[in-house]
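One structure below.
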Amino acid sequence: MPLMLSGGSVPAFAAEVEHVTDYSIRLAGLPVAVATFRSEFSGSRYSIHGRMSSAGLADILSSTRGTTSVSGTIARDKLRAQTYSVVYQSGKRGRKIDVTFDNGNVVSAQMQPQRRRTKNWVPVTKSDMRSVLDPISGLIIPAGTRVCPKTLPIFDGESRMDIKLVAKGTRSFSTKGFEGEVIVCGIRFVPKSGYRKGRLDVEYLRQLKTMEIWFAKADTANVYAPVFVRIPTKYGPVTVSATRFGG
């Protein structure tokens with residue numbers, strides 16, 4: 001059942017809708033990971049559960065596994081999280097992050113184990129944690145609102161960043177469950193706080209102007225969600241491509 005407008009402002013569903021997206025993550029064309037996200041929409045509420053694991057040579061060198069979940073309410077132009085969590089293990093190292101939101105503001109953020117803070121660490125302030133989005137449902141955009149240009153204020157439990165989306169037109173895209181036009185956005189990464197100043201990978205992403213993300217419309221859920229991401233690196237492009245979109 002498609003999303004309908006309730007009271008002219010908040011999208012709502014007449015029945016529960018489920019949407020599944022599978023992704024293949026590659027570096028220079030070689031498989032490095034796979035991921036699956038299962039989203040459920042019911043009334044004005046949503047929940048998303050995802051899992052990721054390393055694949056190919058990357059899995060042989062250092063096995064990585066992770067899960068994430070987020071739940072919240074559907075606003076007119078965004079998905080507004082109430083809880084967000086992620087747990088991952090890479091080799092012998094692991095981390096767990098839990099964030100609670102209230103109307104877009106961070107109520108609590110916990111990370112175990114804590115990361116060591118260096119002298120050049122840019123601390124997250126209280127103002128940094130107001131009117132923010134989580135990194136998962138923040139990239140799902142209700143239909144009927146602008147996809148790009150748009151600025152997404154993201155807080156992932158440790159770092160605060162702006163993801164600026166710039167309109168770059170449309171392209172054709174096909175995968176299992178979808179075939180049609182997608183919206184293409186350029187990405188500009190703007191770190192705000194919660195990172196080590198001068199860190200090479202952060203500075204690289206800050207200066208990069210050729211990143212792209214493509215959004216396809218999930219008709220049953222009446223939202224736009226990512227189906228393709230491309231990030232150039234010195235080792236070759238990292239691509240995240242949907243191998244299934246829908247269901």
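Points worth noting:
- Comparing Arg80, Arg95, Arg188 in a Gaussian network model of the chain where C-alpha atoms under 10 Å apart are linked, the largest mean-square fluctuation is found at Arg95.
- Å² of accessible area per residue within the chain, as computed with a 1.4 Å probe and no ligands counted: 53 Å²
- The share of Cα pairs per 5 Å bin across the chain, counted from zero up to the longest distance, runs 1, 6, 12, 16, 20, 20, 13, 7, 3, 1, 0 percent.
- Protection proxy ranking of 111-117, 38-44, by the mean of other Cβ atoms within 10 Å over each peptide's residues and highest first, is 38-44, 111-117.
- Spacing of the modelled spin labels on Lys234 and Ser108, each 7 Å from Cα toward Cβ, amounts to 4.2 nm.
- For the pair Arg76 and Lys197, label points projected 7 Å from Cα toward Cβ lie 4.0 nm apart.
- Ranked by the mean number of other Cβ atoms within 10 Å of their residues, highest first, the peptides 211-220, 18-27, 169-178 come out as 211-220, 18-27, 169-178.
- What a 1.4 Å probe finds exposed on the stretch 14-163 is 52% carbon and sulfur by accessible area, rounded to a whole percent.
- For the set Lys197/Lys234; Lys96/Lys176; Lys197/Lys217, the pairs lying more than 26 angstrom apart at their alpha carbons are Lys96/Lys176; Lys197/Lys217.
- One decimal place: the segment Arg51-Arg115 gains 20.8 nm when fully extended, by the rule 0.36 nm per residue minus the C-alpha distance.
- Taking every C-alpha pair closer than 8 Å and separated by at least 6 residues, the mean separation divided by the residue count of the chain gives a relative contact order of 18 percent.
- Within-11-Å neighbourhood charge of Ser44 [Cβ basis; K, R +1; D, E -1]: +3
- Derived scalar couplings ³J(HN,Hα) [the stretch 201-215; Karplus, 6.51 cos²θ - 1.76 cosθ + 1.60; whole Hz; x for Gly, Pro]: 5, 5, 5, 4, 5, 4, 8, 6, 10, 10, 6, 9, 9, 10, 10
The values are calculated or read from the model by the stated rules, or taken from the named source; none is laboratory data. Bear in mind that the values here come from a model prediction, so they are computed numbers and not experimental data. Cβ: placed from backbone, ideal geometry, glycine included. Neighbour counts: every protein chain shown. SASA here: full protein model, heavy atoms, side chains in, ligands and nucleic acids out. Shrake-Rupley method; radii C 1.70, N 1.55, O 1.52, S 1.80 Å.
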